[in-house]
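No value in this document is a laboratory result; all are computed from the given coordinates. On a predicted model such as this, the values are computed, not experimentally measured, just so you know. As a convention, Cβ positions derive from the backbone with ideal geometry for all residues, glycine included, and neighbour counts pool all protein chains shown.
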Amino acid sequence: MLKSRLFWPVIILLIILAINLFFDPGFFKIEVKNGHLTGSLVDIVNRGAPLMLISIGMTLVIATKGIDLGVGSVIAMSGSIAAMTVVQGMASDTSLTPLFMAIAAALGLSLAAGLWNGLLVSRIGIQPIVATLILMVAGRGIAQLITDGQITTIYYEPYSFIGGGYLFAIPFSVYLVAAVLGIALYMTKKTALGLFIQSVGANPEASRLAGINSKNIILLVYLFSGFCAGVGGLILSSNVSSADGNNAGLWFELDAILAVVIGGTSLMGGRFFLMGSVIGALIIQSLTTTIYSIGIPPETNLIVKAVVVIIVCLLQSPEFRQKVLRPRMKKPHKKEPENSLNEQGVKIS
Amino acid sequence: MSWQLNKKYYPLLITFGLFILMFLYGSINYTGFSSPQVVLNLFIDNAFLIIVAVGMTFVILSGGIDLSVGSVIALTSMVTASLLQANISPIIVIPIALLIGPILGVIMGSLIHFYNLQPFIVTLAGMFLARGLSYVISVETIAISHPFFQFMANTKIHLGNFYISISVLIAIVVVVAAIFLAHYTKFGRNVYAIGGNEQSALLMGLPVGKTKILIYTLSGFCSSLAGLVFTFYMLSGYGLHANGLELDAIAAVVIGGTLLTGGIGYVAGSVIGVLILGVIQTLIVFEGTLSSWWTKIAIGVLLLLFIVFQRLSSVRGRSKTGLISEH
C-alpha cells in the first residue's frame with residue numbers, strides 16, 4: 001500500500017478534506033435538493049471537472065516527455081467559438097441545432113490546435129515546451145479575435161446544460177469526466193497504447209527502433225490533450241453562460257501540470273498515473289474550496305499552492321529522499337529495491 | 001575560420017534585419033514613425049522588459065527557464081509602494097526591494113541544484129509565491145507620490161531634440177554589464193558550457209552547482225531591478241502588475257536567437273528581441289484600426305518562424321559543440 005504512487009496524493013486529499021470537518025461539521029453531508037445532489041463534495045467534483053479533464057490529457061503528454069502549455073488558450077478558443085456559434089445560430093433557430101453546431105465547432109478547433117502542437121513536436125521535432133508556447137501566446141489572441149475582445153453572454157438554455165445541468169441527480173460535467181477518464185484508462189490499460197506511450201517517454205529513439213511509431217504516438221497524445229482542453233473549455237464557458245477570450249482558462253496549463261506532478265507522474269516522462277492526476281486535480285480544487293470555506297483570505301491561495309508544489313516535488317525527488325528522509329528510514333528496511341527503477345521511468349510488469 | 005564566425009552570428013543578423021525591415025515598413029506607411037523619438041520610446045517603454053530579458057537570457061542559455069520574473073516585478077513594486085507608504089526613506093526601501101529577487105533566486109536555484117527538481121516546476125512555485133505575497137500585502141493598487149520616485153519617473157535626459165528616461169540608462173548599464181559577464185568572465189563561459197552539455201561541464205570540473213544557483217540569483221536580481229524600473233514607470237504598486245510578462249521575456253529571448261535548449265545565444269539578441277516586440281506594438285498603435293490582440297498573434301507567428309528556423313539550422317549544422325570553445 002505504501003509503495004503505491006497513489007498513496008501520498010490520496011492521503012493529502014483526505015487531510016485537506018478532514019481540515020474542513022473541523023470548521024464545518026456538515027462538510028461531508030450530501031443532500032438531494034430539487035432532485036439534484038448538493039453538498040461541498042459534489043461542489044468540489046463539479047467545479048474541478050475542467051481541471052480533471054485537462055489533467056488527464058496533460059498526463060499522457062507528459063508521459064511522452066512532452067508538455068502542453070497551450071491548453072489554457074485552447075480552453076479560451078473552444079469556449080469563444082462555441083459561444084459565437086450559439087449566438088449566431090440562435091437568431092434563426094430555437095431547436096437543439098445550435099448546440100450541436102457549437103460543440104462541433106469547439107471540438108473541431110481544439111482538435112486542430114492539438115494537431116498543430118502534435119505536428120510541431122512530432123514532425124518538425126521542436127522541443128515541446130517551445131512548440132506549445134507558440135499556441136499559448138497566439139491562441140489567446142485568436143480567442144480574442146473570435147469574440148472581438150468582448151465578453152459574450154449567451155442566453156440559450158441547452159448550452160448551459162453542459163456545465164451546469166444535472167443528469168440523474170449528478171452534475172452532467174461529472175459524466176463527461178468519467179467518460180474521458182474511462183476511455184483513457186481503457187486505451188492505456190487494456191490495449192498496448194499505454195505501454196507504447198511509456199516507452200516513447202522513456203526513450204523515443206529506442207522505441208522507434210523497437211518498431212513503435214513514436215511520431216504518431218506523440219501526435220496522438222497532443223490531439224487528445226487538445227480534445228480534453230476543448231471539452232474543458234465548453235464546460236467552463238457553459239457554466240458561466242459566457243465566453244471571455246482574455247481570461248477563460250488563464251493559468252490552467254500550470255494548474256494542470258501541477259495536478260499531474262502531484263499525481264506522481266514525473267516530468268521526465270515514462271510511467272504515468274491517470275488516477276493520480278485526477279486526484280491531483282481534486283487536491284487543487286479542494287485546496288481552493290477549503291481556503292474559501294474556512295475563511296483564510298483568498299489572496300493566500302497562491303502561497304499555499306506554491307508550498308504544496310514544493311513539498312510534493314521534494315517528496316518525489318530521489319535526492320531529497322536520500323539526503324533527508326533516508327537516514328531515518330534506514331533501520332526498518334535494509335534496502336529499497338524499487339526506487340532506482342521508478343526513476344528510470346519504465347518498469348514493465 | 002572566418003566564414004564559420006559569420007555563421008555563428010546568423011540568427012543575430014536575421015533578428016536585427018527583421019527589426020530594420022519592420023521599422024522601415026512603419027516609416028513608409030505611417031507619417032511620424034521614422035522619428036528618432038519613436039526609437040527612443042521603444043527603449044523608454046520597454047526598459048524593464050530589456051532588464052528582465054537579459055536575466056532570462058542567462059537562465060535559458062544554461063538550459064533552464066524562469067517563470068517567476070513577472071511575479072517578482074509585481075512583488076517588488078508592491079513592497080516598494082507599501083514601504084514608501086509607511087514613510088520609509090527610499091535609501092532603505094530600494095536596497096530591500098533589490099534583495100527580493102536574489103533571495104527568491106537563491107532558494108529556487110538551490111532547490112533546482114541540490115534536489116534535482118525541474119526548473120519549470122520550481123520557478124512556477126516561485127511565481128505563485130511571489131504573486132501570492134504581493135496579494136497578501138494588499139489586493140488594491142498603492143500609488144506612489146514620493147518626490148524621489150517622481151523625479152526618477154519624470155526626468156527627461158535630453159539628447160538634442162529628443163529625450164530618454166533614467167530607466168533607459170539603467171537598462172543600458174545592465175545590458176553592457178551582462179554582455180561583459182557573458183563573454184569575458186569565467187561565469188559566462190560556465191553558463192554556456194552548462195547549456196551545451198551539463199554532464200560534460202561537470203566532468204570538466206566546472207562548478208556546475210554554484211553556477212546554476214548564481215544564474216537564478218542573477219535572474220532574480222534582474223527581475224527585482226526591472227520591478228523597480230517598472231515602479232518608476234507606473235508610479236504604483238499592484239499585485240497584478242506585469243501579469244504574463246514571463247511569456248514576453250521568453251519570447252524576446254527566443255526571437256533574439258537564443259536556443260531554448262541552451263548553449264547558444266547572445267544577450268544583445270534578446271535586446272533586439274524586446275525591441276521587435278516593441279515595434280509590433282508601436283505598429284499596431286500607429287495603424288489604429290487593429291486591436292491589441294493582434295500583438296499576441298504576431299508574436300506567436302514570429303516565435304513560430306524563429307523556432308522553425310532554429311530547428312532547421314540546427315539539423316543542418318549541428319555545430320553546437322564548436323561554439324563553446326570559441327568563447
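What does the charge count near B:VAL274 come to, summing +1 for each Lys or Arg and -1 for each Asp or Glu among other residues with Cβ under 12 Å from its Cβ? Net local charge, B:VAL274 excluded: -2.
Computed from the Cα positions only, the extents of the protein assembly as shown along the three principal axes stand at 76, 68, 55 Å, in decreasing order. Working value for the range A:39-344: equivalent-ellipsoid semi-axes of 34, 24, 17 Å, each the square root of 5 times a Cα gyration tensor eigenvalue, largest first.
So for the range A:109-185, what percent of the C-alpha to C-alpha distances run longer than 19 Å? So the portion of pairs separated by more than 19 Å is 62 percent.
Once you reduce the range B:128-178 and the range B:64-112 to the center of their Cα atoms, the two points are 13 Å from each other.
Note on the protein assembly as shown: dipole from Cβ charges, positive end direction compared against A:ILE310, B:LEU245, A:PRO171; the farthest Cα belongs to A:ILE310. Using a Gaussian network model of chain A in which every pair of alpha carbons under 10 angstrom is joined by a spring, one finds that among A:ARG47, A:ARG123, A:ARG140 the greatest mean-square fluctuation is at A:ARG123. In this label model, A:ILE296 and A:ASN213 are separated by 4.8 nm, measuring between points 7 Å along each Cα→Cβ vector.
Structural descriptor for chain A: relative contact order 30 percent, calculated from alpha carbon pairs under 8 angstrom and at least 6 residues apart. Positive end of the dipole of the range A:39-344 (Cβ unit charges, origin at the Cα centre): among A:PHE196, A:ALA112, A:VAL278, the Cα lying farthest that way belongs to A:PHE196. Between B:TYR25 and B:PHE148, full extension at 0.36 nm per residue minus the direct alpha carbon distance yields a gain of 40.3 nm. Dipole magnitude for the range A:39-344: computed about the Cα centre from +1 point charges on Lys and Arg Cβ and -1 point charges on Asp and Glu Cβ, it is near 1480 debye. Taking other C-beta atoms within 10 angstrom as a stand-in for reagent exposure, A:ASP24, A:ASP244, A:ASP43 fall in the order A:ASP24, A:ASP43, A:ASP244, fewest first.
Shielding value for A:140-148 is 4, the average number of Cβ atoms from other chains within 10 Å of each residue's Cβ.
Look at B:MET127, B:MET234 and count the other Cβ atoms within 10 Å of each Cβ; fewest to most, that gives B:MET234, B:MET127.
Per residue of peptide B:105-114, the mean number of Cβ atoms on other chains within 10 Å of the residue Cβ is 1. Report the relative contact order of chain B, percent, no decimals, based on alpha-carbon pairs under 8 angstrom and at least 6 residues apart. Here the relative contact order equals 33 percent. Cross-link check: pairs A:LYS190/A:LYS323; A:LYS65/A:LYS305; A:LYS65/B:LYS212; A:LYS189/A:LYS215; A:LYS65/B:LYS296; A:LYS65/A:LYS190 evaluated at a Cα-Cα cut-off of 30 Å; pairs beyond the cut-off: A:LYS190/A:LYS323. Farthest towards the positive end of the charge dipole of the range B:11-326, among the residues B:ILE272, B:LEU202, B:THR282, is the Cα of B:LEU202, using unit charges on the Cβ of Lys, Arg, Asp and Glu. Each label was represented as a point 7 Å from its Cα along the Cα-to-Cβ direction; for A:GLU205 and B:SER292 these points are 4.7 nm apart. Charging the Cβ of each Asp and Glu at -1 and of each Lys and Arg at +1, and nothing else, the dipole of the protein assembly as shown about its Cα centre rounds to 2440 debye. Counting Cβ atoms of other protein chains within 10 Å of each Cβ in A:246-253 and taking the mean gives 1. Principal axis extents of the Cα atoms in the range B:11-326, from largest to smallest and rounded to whole angstrom, are 54, 49, 34. Span-like helix check, chain A: qualifying full DSSP H segments, with Cα axial length of 20 Å or more and mean Kyte-Doolittle of -1.0 or more, are A:7-23, A:49-63, A:71-90, A:97-122, A:128-147, A:172-190, A:214-239, A:274-293, A:301-316. Ordering A:LYS305, B:LYS186, A:LYS65 from the fewest to the most neighbouring beta carbons within 10 Å gives B:LYS186, A:LYS65, A:LYS305. In a simple Cβ point-charge model (Lys, Arg +1; Asp, Glu -1; nothing else charged), the range A:11-150 has a dipole of about 280 debye relative to its Cα centre.
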